[in-house]
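Colleague: Pasting a structure below so you can have a look.
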Amino acid sequence: DKTNPLNGQELSTITDIDGNIYHTIRIGNQIWTVEDFRSTKFNDGSNIPLIADSAEWSNCSSPGFCWPVDNIYERSRFGALYNWYTINTLNFAPPGWHVPTDSDWNTLENYLIANGFNWDGKADSNRIAKSLAAKTDWQENAIAGTIGNELSKNNRSGFSALPNGIRN
């Protein structure tokens, strides 16, 4: 089904400079990509350096990316990890797009809370993680309301967040 459960909007796609295709979804008045970014180039065509070594990553003070897992299928599924120097450039995102700001996240959170997307249906605080998390790949958990509890109830927003990892 290619419609957003929030408002029935047809999903569209965008393509990065590497030719990777990303689906988009409208949530409230915002449009988000559904998949994690995985470009190896800035939008001007210059390469983003691959930093595979952990020590080099932790000491880096210039743009770089790494793959959370070294497997082609997982790369397309989980995307890449980028350091701050990479995403803080004006030529990171595809033209017409930007890395979400705190304000963008607050707008998304407020919309989901106000429209009943907290896991318990209440609108008094932020409990929207389950509605943003994909239905797969999260560690199972018996605690009600956690992302790992009853995975089939995740992703009511269509956002499809996956646990792709961290790099220190």
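The values are calculated or read from the model by the stated rules, or taken from the named source; none is laboratory data. Everything numeric in this text was worked out from a predicted model, so none of it was measured. Quick reminder, even Gly has a Cβ in these numbers, built from the backbone with ideal geometry, and neighbours come from all protein chains shown. All accessible areas refer to the heavy atoms of the entire protein, side chains included, with ligands and DNA or RNA removed. Shrake-Rupley method; radii C 1.70, N 1.55, O 1.52, S 1.80 Å.
Colleague: Please work out whether the stretch 27-168 counts as rounded, prolate or oblate from its C-alpha gyration tensor, where a ≥ b ≥ c are the square roots of the eigenvalues and a/c under 1.5 means rounded, while otherwise a/b larger than b/c means prolate and anything else oblate?
Modeller: Numbers: a/c = 2.32, a/b = 1.58, b/c = 1.46.
Since a/c reaches 1.5 and a/b is larger than b/c, the shape of the stretch 27-168 is classed as prolate.
Colleague: Mean separation of Cα pairs under 8 Å and 6+ residues apart, divided by the residue count of the chain: what relative contact order is that in percent? Intermediate values should be presented prior to the final figure.
Modeller: Numbers: 288 pairs, mean separation 30.9, N = 168.
18 percent.
Colleague: Here is a further query. Report, to the nearest whole %, how much of the accessible area of the chain belongs to carbon and sulfur atoms, 1.4 Å probe, protein only. Before the final figure, lay out each step's value.
Modeller: Details: 4900 of 9670 Å².
Of all accessible area on the chain, carbon and sulfur atoms account for 51 percent.
Colleague: What is the extension gain from residue 137 to residue 57, computed as 0.36 nm multiplied by their sequence separation minus the C-alpha to C-alpha distance, in nm to one decimal? Could the numbers behind the result be given before it?
Modeller: Details: separation 80, 0.36 × 80 = 28.80 nm, distance 2.57 nm.
Difference between extended and current length: 26.2 nm.
Colleague: Taking only Cα atoms and a 10 Å spring cutoff, compute GNM fluctuations for the chain and point out the largest among 114, 144, 134.
Modeller: It is 144.
Colleague: Also, I was wondering about something else. Once you place label points 7 Å from the Cα toward the Cβ at residue 125 and residue 153, how far apart are they in nm?
Modeller: According to this spin-label approximation, the distance is 1.8 nm.
Colleague: So what's the angle, to the nearest 10 degrees on a 0 to 90 scale, between helix 102-114 and the longest Cα principal axis of the chain?
Modeller: On a 0 to 90 degree scale, this one is about 20.
Colleague: Would you list 16, 137, 104, 124 from the most to the least accessible area, probe 1.4 Å? Can you show the working numbers first?
Modeller: Values: 16 10, 137 70, 104 35, 124 115 Å².
Listed by decreasing accessible area, they come as 124, 137, 104, 16.
Colleague: Can you compute the label reach from residue 115? Point 7 Å from Cα along the Cβ direction, backbone N cut-off under 20 Å, restricted to the stretch 144-168.
Modeller: Output list for this probe position: 153-162.
Colleague: If you don't mind, there's one more thing I want to ask. Please compute the length gained on full extension between residue 104 and residue 69, using 0.36 nm multiplied by the number of residues separating them and subtracting their Cα-Cα distance. Write down the numbers at each step before the final one.
Modeller: Values: separation 35, 0.36 × 35 = 12.60 nm, distance 2.84 nm.
In short, 9.8 nm is gained.
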